[in-house]
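We did not get these values from a lab; they are worked out from the coordinates using the rules stated. Because the structure is a prediction, the values reported are computed rather than measured. Here Cβ is always computed from backbone atoms with ideal geometry, including for glycine, and neighbour counts include all displayed protein chains.
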Amino acid sequence: MTADGFTPWPADLAARYEAEGYWKDALLGDVLRGDPSRTALVAGSERLTYADLDRRADRTAAGFLRLGVRRGDRVVVQLANSAGFVVTFLALVRIGAAPVLALPAHRESEIRYLCELAEARAYVCADRDGDFDYRAMARTLPVEHVVVEGDAQEFTPLASLDIDPVDVPERPAPSDIGVLLLSGGTTGLPKLIPRTHRDYVYNLEASAEVCGFTSETVYLVVLPAAHNFALACPGILGVFATGGTVVLAPSGSPDEAFPLIERERATVCAVVPPIALLWLDAVSWSDEDLSSLELLQVGGAKFAAERAAEVPKVLGCAVQQVFGMAEGLLNYTRLDDPSDLVEQTQGRPLSPADEVQVVDGNGTPVPPGEVGELLTRGPYTLRGYYRAPEHNRRAFTPDGFYRTGDLVRQLPSGHLIVEGREKDQINRGGDKVSAEELENHLLAHPAIHDAAVVGIPDEVMGERTCAFLVIREQADPPTLKDLKDFLRTRGLAAYKWPDRLEQVDTFPRTPVGKISKKALAATLTP
Ligand code: OOB
């Protein structure tokens, strides 16, 4: 690991990725490659051409420079799907400051930690999200500058950073950290994933090619723009690199998304399975014209084969399964794959340079076609989490493969089928909840002696979160409502709160004395 918390690729592999053309002298700030007069971005009532967006990014870059943000700095960005998000992202990467991409749902517990871990120079947020006031939270954060989109109160308005452009004093290098993504997490505290300019540019360009993006693509964003899937798989940045149009929606609700598909003639959208299920249902009662849709990308959690098969029939567009991770590796079903592979698999690796191994508990490859843990390394998969040397010793093999914690089976075609998970994480419809992180918060409750968090199957969400609790003697057991209030005051994002509580006297143990989460989950199934 280098002094700045980044684990580089070994020299021999780096030389190979360069020689074979995966890594180019490419910068994230240069991805706006559309015709200057064409529409790059539609967000609410704003419509920006490529020329407009380019100018806005340069002007806001000048504003961040004036604030004192420089190459090598980190800035925590927490914005909803707005033009401000896109402009802020481009402005920061142009001056070589890495955006730390928090989700709008994160709260003080996550944001404070991210500011501290990244030693962020600034925090960029919206004014509010419904009842929640980001500015009130910002007052307590350890950052020099708070920049607010909307009503800034005493803070710096994002709009005030829009000033005359200046020459960038120090351009970033392609091997610099371009952006820091959030990991789904399996530990007590969130982890940050450093993505270099050149690896992320490869990620988004290769994805755009595999997904057939062109200047005619109109991409509707319904997932948080800060999520890797919507940002770069191929996402917003993949559209910019191929000259198409990005349309931002506030959410995946059919009420908001369908009218935008009709109005903007959207051709592609990326969703998580619960949104796909909602859409499959909603077409029967909605009267919007969705005939422009050509491709629905579904990923983030397992999408059932039967449902995938329904997409072309019900929505009239092709479906693509995407099994990806912010850490890097992306698997896509290909547009010309036979329908059984598209429906029944989660795709195959994006890059010829992706190395995958499927191994047993000892790290030995399993026979072809059998289930094992997926390990991977490649030109766009991290070699270490940011500033996490101890965790990195467990999360990577000695030869640099990332242990995904996903249980998969690989077909002779290379396609992967996700069969389960080994990591201690709940996948709640694509939102990832670290069991340990939630357990630590629960253990801080005065009535709770011990806590174990497990995922329970759910038809729509795939999984929901159940907290098994051992209550202290003489203490009143908290209700689910009590616990949610408690977790709210602790500043934990609401998607991480438990959906269900179960009180137990003791936890079942494995032979080595660990809590058996399998046995706990089994007590709930009839
Ligand atoms: C995407 O990224 P993350 O970082 O939120 O979550 C990664 C994890 C994977 O390790 C796997 O456990 C799960 O999410 N996952 C899937 C899946 N796609 C992701 N599990 C089953 N089937 C799938 N299709 O979720 C992500 C990043 C980029 C593109 C798409 C998704």
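Is the C-alpha gyration tensor of the chain telling us rounded, prolate or oblate? Criteria: a/c under 1.5 is rounded; beyond that, a/b larger than b/c is prolate, otherwise oblate. It comes out rounded by the Cα gyration axes.
The lysines within cross-link reach of K518, meaning a Cα-to-Cα straight distance under 27 Å and a gap of 8 or more places when in the same chain, are K191, K302, K423, K432, K481, K484, K496.
Can you give the FRET efficiency for E216 and R509, using 1/(1 + (r/R0)^6), R0 = 51 Å, r = Cβ-Cβ distance, to the nearest 0.05? Display every interim value, and only then the final one.
Details: r = 58 Å, r/R0 = 1.15.
The formula returns an efficiency of 0.30 here.
Computed on the range 15-130, with alpha-carbon pairs under 8 angstrom and 6+ residues apart, the relative contact order is 25 percent.
One chain, two ends: A11 and V366. Fully extended at 0.36 nm per residue, the span grows by 124.9 nm beyond their Cα-Cα distance. Rounded to the nearest 20, the size of the Cβ-charge dipole of the range 50-172 about its Cα centre is 320 debye, with Lys and Arg at +1 and Asp and Glu at -1. For the range 396-472 and the range 7-29, write down the distance between their C-alpha centroids in whole Å. For the range 396-472 versus the range 7-29, the Cα centre distance is 32 Å. For the chain, a simple Cβ point-charge model (Lys and Arg +1, Asp and Glu -1, everything else neutral) yields a dipole of about 1040 debye relative to the Cα centre.
For a quick protection proxy, order the peptides 448-454, 467-473 by their average other-Cβ count within 10 Å, most packed first. Intermediate values should be presented prior to the final figure.
On the way: 448-454: 21.0, 467-473: 17.7.
For the peptides 448-454, 467-473, the packing ranking is 448-454, 467-473.
Using C-alpha pairs under 8 Å with a sequence gap of at least 6, the mean separation divided by the residue count of the range 149-199 gives a relative contact order of 28 percent. By DSSP, the beta bridges lying fully in the chain are antiparallel in about 55 percent of cases.
Stretch F132-T479 to full length: gain in nm at 0.36 nm per residue minus the Cα-Cα span?
Numbers: separation 347, 0.36 × 347 = 124.92 nm, distance 2.33 nm.
Answer, rounded to one decimal: 122.6 nm.
What percent do you get for the relative contact order of the chain when only Cα pairs under 8 Å and 6+ apart count? Mind dumping the intermediate values first?
Numbers: 1160 pairs, mean separation 64.5, N = 526.
It comes to 12 percent, rounded to a whole number.
Within the range 50-172, what percent of beta bridges assigned by DSSP are antiparallel, to the nearest 5? Mind showing how you got there, number by number?
On the way: 2 of 17 bridges.
In the range 50-172, approximately 10 percent of DSSP beta bridges are antiparallel ones.
Calculated [222 nm] ellipticity per residue, helices only, for the chain: -8500 deg cm²/dmol; basis is -39500 (n - 2.57) per DSSP H run with n ≥ 4, divided by all residues, nearest 500.
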